[in-house]
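Presented below is the structure to which this report refers.
The values are calculated or read from the model by the stated rules, or taken from the named source; none is laboratory data. Remember, it's a predicted structure, so these values are computed and weren't measured experimentally. We place every Cβ from the backbone using ideal geometry, glycine too, and count neighbours over all the protein chains shown. Remember, those area values only see protein heavy atoms, side chains included, never the ligands or the DNA or RNA. Shrake-Rupley method; radii C 1.70, N 1.55, O 1.52, S 1.80 Å.
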Amino acid sequence: MIWLALPALAATAYYLLVAVAAARWGSEYRRGRPPAPNGRPEPVSILKPIHGRDPDFYQAIRSHAEQDYPEFEMLFGVSDPGDAALADIERLQREFPGRAITVQAVSTPAPNAKVGVLAELARHARHPLLLVNDSDIAVEPGYLRAVTAPLKDPAIGLVTCLYRARAESWAARAEALGIATEFAPSVLVARLLGVAEFALGSTMVFRADTLRRIGGFEAIAGYLADDYQLGRHISELGYRIAFAPVVVETGLGGESWGQAWRHQLRWSRTIRLSRPGGYYGYVVTHATLWALVAFAAGQWQAGALALAVRMAAGIVVGRGILKDRRVATDCWMIPLRDLFGFAVWLGGAFGRRVDWRGRSLRLRPDGRISEKS
């Protein structure tokens, strides 16, 4: 029965690698402090495709408008003229009359409507740097300076950053815990191992000229995983993808377990179709599962080691790097969240239909959207 301890030992090795990656991150970014200003930053166009109003939407967009940055504009794109978010955007315009804040009504036939909206916003953008992030992303002071600074290096084509999540319900708290202690560690390890062609939707900053070189947003309008595809297309031009030394925050609200399941299943299937090798290799990271297998085989030491290292590494990343205060109080849920995560991973290994923005989509084997209803 000793061989049943091997997966637990492999999971232990993986989470030790997480600890190494976290230490390297802390060394590189000096515990997350943004770089000192060096010259006048280039003007930025912030592109915000909008679909409905999240509970903390106004606070999120206000955190962008408050940025201390020489010159930037905010462009919002909506497909529905009655979108509830428009009232918040109008309020932002009233409260920041000196900011360039505009709204574009966009009708797009693109399979990925969000990317279709981004394509239209990019045509109206006036500045050489473009910034795209999700509508519910809240940022800290100094964010714009921190995420644009790496682009002063001509070898860097895109800048992205890690994120943590706000949550209210137990289902949302479990998902936030997964982001902090499972997803973020996987990003750090991928980066440590040189897998760096991906970007995260929490922040993507790039030059307008680089976007033109890949064929514009139209080149990725057929994919659901537009953030991954944007990073891959820019990487294929020979550019590097860099991470900024800041962490942003997304809102999960009070979602139910059903909503959490559908959301994570969509994410899981999209990753599988985008990067199948990485997806199936990810099975080794399910430390709680393999610890239980080791316990069942009587290999208590291997199981206990896997579980202890997994929890410690998750807390180091979630609390230490992401500054997620809930990780310390919710860490007892990590084993339970891991088992839920394995069920999602298993469900994601099969099927190509996902729910997204109130629609049911069927994806092709290459991740393109083939059907929508």
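Within region 13-48, can you find the residues that are under 27 Å from ARG319 (Cβ atoms), of a type in the set (Ser, Thr, Tyr) and modelled with pLDDT of 95 or more?
TYR14, TYR15
List the number of the failed condition for PRO111; all other conditions in (1) in a strand (DSSP E or B); (2) open to solvent by 20 Å² or more (accessible area, probe 1.4 Å) hold.
All conditions pass for PRO111, except number (1).
Take ALA22 and decide whether it is over 30 Å from GLU168 (Cα atoms), open to solvent by less than 30 Å² (accessible area, probe 1.4 Å), assigned to a helix (DSSP H, G or I) and touching a helix residue (DSSP H, G or I) at 6+ places or on another chain (Cβ under 8 Å).
no
Listed here are the residues, each with its yes/no results for (1) at pLDDT 95 or above; (2) over 23 Å from ASP153 (Cα atoms); (3) open to solvent by less than 30 Å² (accessible area, probe 1.4 Å).
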position	(1), (2), (3)
GLU255	no, yes, yes
ARG262	no, yes, no
LEU265	no, yes, yes
TYR282	no, yes, no
ALA291	yes, yes, yes
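Taking region 57-66 only, how many residues are open to solvent by less than 60 Å² (accessible area, probe 1.4 Å) and under 21 Å from the mean Cα position of the chain (by Cα)?
Looking only at that region, the number is 6.
Would you tally the residues in region 322-339 being surrounded by fewer than 20 Cβ atoms within 10 Å (Cβ to Cβ) and within 20 Å of the chain's Cα centre (by Cα)?
Selection size over region 322-339: 3.
For ALA60, indicate whether it is aliphatic (A, V, I, L, M), touching a Lys or Arg at 6+ places or on another chain (Cβ under 9 Å) and part of a helix (DSSP H, G or I).
No.
Please enumerate the residues belonging to region 206-226 that are in contact (Cβ under 8 Å) with a residue 40 or more places away in the chain and part of a helix (DSSP H, G or I).
ALA208, ASP209, THR210, LEU211, PHE217, GLU218, ILE220, ASP226
Let's see how each residue does on (1) assigned to a strand (DSSP E or B); (2) surrounded by 19 or more Cβ atoms within 10 Å (Cβ to Cβ):
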| site | (1), (2) |
| --- | --- |
| ALA294 | no, yes |
| VAL309 | no, yes |
| GLY314 | no, yes |
| GLY320 | no, no |
| PHE342 | no, no |
| GLY347 | no, no |
| ASP355 | yes, no |
| LEU361 | yes, yes |
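For region 166-194, how many residues meet the condition of being touching a Gly at 6+ places or on another chain (Cβ under 7 Å) and either of a type in the set (S, T, N, Q) or open to solvent by 10 Å² or more (accessible area, probe 1.4 Å) (or both)?
Matching residues across region 166-194 total 5.
Check LEU158, LEU151 and return the single one that is outside any strand (DSSP E or B) and surrounded by 19 or more Cβ atoms within 10 Å (Cβ to Cβ).
LEU151
For the subset of region 49-67 comprising residues that are of a type in the set (D, E, K, R) and at pLDDT 95 or above, which member is farthest from ALA167 (Cα to Cα)?
GLU66
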